[in-house]
Amino acid sequence: MLYRTPALTSKDREVLEGIEKMRHELRHQVLQTPVKWTAGLRKTLTADAIAGSNSIEGYKVDSADVEDLIDGEQEVAASEENKAETLAYQNAMTYVQSLHDAPGFTHSVWLLNALHWMLQGQHHPRKVVGQFRRRGVWINEPGAPQEVAYTAPDADVVPDLMDELVVWLNDGDLDTPMLVRAAMAHLNLVKIHPWADGNGRMSRSLQTLLIARGGTLAPEFSSIEAWLGKPKNTWEYYKVLGQVGGREWTPDRDTSPWIRFNLLAYHQQSQFVKYRIDRSNRCWIDLTDHAERHGIDERQITALHDAALAGRVRRARYQRAENLSNQQAVRDIRALSEAGLLVAVGNTKARYYVPGPDFPADVLEAVRRPVRLMDPYED
């Protein structure tokens, strides 16, 4: 028996309708936006998701550093352990994203075990990965390692529970809204806790997979992992998992608070993605105007755009984005630095560039302006 999908309240349905409306509007907005404007944003949102999900497990790598690691940069401010965890999660996330439109797709135990191996197998060779745990496991209270928050089901019942979950993933509650099904998939997998380690990230990845398979938005715009990784949301995440899941496997408990929590996450993440798209587009337009007035080459806007939104740009990233030779990229970055638009930070290998003293102040002010996210259950 799995944790059951609850009946939605009228308010839940109202919030869900608002989410679906935003998602369709975002899809239209993304399709109408030039690819060059959104390509970098897609990578940034993926980096945000990886950084957010890993931070919940204690692996702290800044989103900008995650993006650099995705680009192949190794000189980032992170430990070797954190780098390995980041790159492993990126591999798993890339595969999850690639499945969003895979023909003939079906969920299976082997798929989940393969994803687990991607997440942990390459950098934890001595651990049993890609296979279900063979002993009991418990979860400690956040910040209190001597206290048990949850005791997972015995290892000998895990295979049957996972078989039941896979059957449900393929055929269960198909008339339930996809976002609700995705949330319930997350809850059941994290409470079964089938592997010795990596269960939280696997559960969040499974939720992302179901959302992506829904097809409304590209996978990069679908995940709520970045939202979950924000400290105040992480605390509520642990709290609601404890409230709904109980201290041991008790699938007869009310799961309504979990669904409400996830609908809030979907709604606010959609708000934030819309804000990011609007901010990115406005920044590009403003920088284009500045470039035309000051004789800056159109391709150099890419470097300025990264510097404004991410706070920094690397020469190699700019070179790849514009398909330039090394000499061209060096010349462009040097010209922007000599114009006071960029300033170099760090030594040769780790060097990156931040906005300089003559970077248009109005552009920076606009991109740094914070956003207020609405709580659809309160506003």
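Only one of the numbered conditions (1) part of a loop (DSSP other than H, G, I, E, B); (2) buried (at least 16 other Cβ atoms within 10 Å of the Cβ) is not met by HIS305, and that is (1). The listed residues are PRO360, PRO355, and the only one of them that is at pLDDT 95 or above and either in contact with a His (Cβ under 7 Å, 6 or more places away or on another chain) or of a type in the set (Phe, Trp, Tyr) (or both) turns out to be PRO360.
Consider the range 102-115 and keep the residues that are touching a helix residue (DSSP H, G or I) at 6+ places or on another chain (Cβ under 8 Å) and closer than 21 Å to SER222 by Cβ. The one that is surrounded by the fewest Cβ atoms within 10 Å (Cβ to Cβ) is THR106. Of the helices (runs of 4 or more DSSP H) that lie entirely inside the range 180-252, those containing 1 or more residues that are surrounded by fewer than 22 Cβ atoms within 10 Å (Cβ to Cβ) span 199-213, 231-245.
Of ARG293, ARG320, all but one fail to be exposed (fewer than 14 other Cβ atoms within 10 Å of the Cβ), part of a helix (DSSP H, G or I) and touching a residue at least 60 places away in the same chain (Cβ under 8 Å); the exception is ARG320. For GLU81, are the conditions met, namely being of a type outside the set (A, V, I, L, M, F, W, C) and within 15 Å of the chain's Cα centre (by Cα)? No. You will find that of HIS116, HIS107, HIS100, the residue that is of a type outside the set (Lys, Arg), part of a loop (DSSP other than H, G, I, E, B), over 24 Å from LYS239 (Cβ atoms) and touching a residue at least 40 places away in the same chain (Cβ under 8 Å) is HIS107 and no other. Among residues of the range 245-256 that are modelled with pLDDT of 95 or more, those with a beta-carbon under 6 Å from a residue that is in a loop (DSSP other than H, G, I, E, B) and among the hydrophobic types (A, V, I, L, M, F, W, C) at least six positions away or on a different chain give the pairs PRO251/MET1; PRO251/LEU2. Pairs are defined by a Cβ separation below 8 Å, a sequence spacing of at least 6 or placement on different chains, a first member in the range 264-277 that is within 16 Å of GLU236 (Cα to Cα), and a second member that is among the polar types (S, T, N, Q) and outside any helix (DSSP H, G or I); the pairs so defined are GLN269/SER223.
Between ALA84, ALA78, ALA39, ALA49, the distinction of being outside the structural domain of VAL345 (by TED's automatic domain parsing) and in contact with a His (Cβ under 7 Å, 6 or more places away or on another chain) belongs to ALA84 only.
Out of all the residues in the range 50-59, is one or more over 13 Å from GLU85 (Cα atoms), surrounded by 17 or more Cβ atoms within 10 Å (Cβ to Cβ), among the β-branched types (Val, Ile, Thr) and at pLDDT 75 or above? Scanning the range 50-59 turns up no residue that is over 13 Å from GLU85 (Cα atoms), surrounded by 17 or more Cβ atoms within 10 Å (Cβ to Cβ), among the β-branched types (Val, Ile, Thr) and at pLDDT 75 or above.
Consider the range 30-48 and keep the residues that are surrounded by fewer than 16 Cβ atoms within 10 Å (Cβ to Cβ) and part of a helix (DSSP H, G or I). The one that is modelled with the lowest pLDDT is VAL35.
When only residues in the range 323-333 that are outside any helix (DSSP H, G or I) and of a type in the set (S, T, N, Q) count, which is farthest from ILE277 (Cα to Cα)? Let's see the steps before the verdict.
Taking the range 323-333 first, the residues outside any helix (DSSP H, G or I) are 323-325.
Those still in the list that are of a type in the set (S, T, N, Q) too: 323, 325.
Working: ASN323: 23, SER325: 29 Å.
For the range 323-333, the residue satisfying everything is SER325.
Within the range 162-179, the set of residues being surrounded by 22 or more Cβ atoms within 10 Å (Cβ to Cβ) and either free of Cβ contacts under 8 Å to residues at least 40 places away in the same chain or farther than 16 Å from THR106 by Cα (or both) comprises LEU179 only.
Considering only residues in the range 347-366 that are free of Cβ contacts under 8 Å to residues at least 60 places away in the same chain and in a loop (DSSP other than H, G, I, E, B), the one that is nearest to VAL76 (Cα to Cα) turns out to be ARG351.
When every residue of the range 150-157 is checked against the conditions, none turns out to be surrounded by 15 or more Cβ atoms within 10 Å (Cβ to Cβ), under 25 Å from ASN91 (Cβ atoms) and in the same structural domain as LEU41 (by TED's automatic domain parsing).
The values are calculated or read from the model by the stated rules, or taken from the named source; none is laboratory data. Note that the structure is predicted; figures quoted are calculated from it, not measured. When we count neighbours, we look across all protein chains shown, and the Cβ atoms used for this are built from the backbone with ideal geometry, even at glycine.
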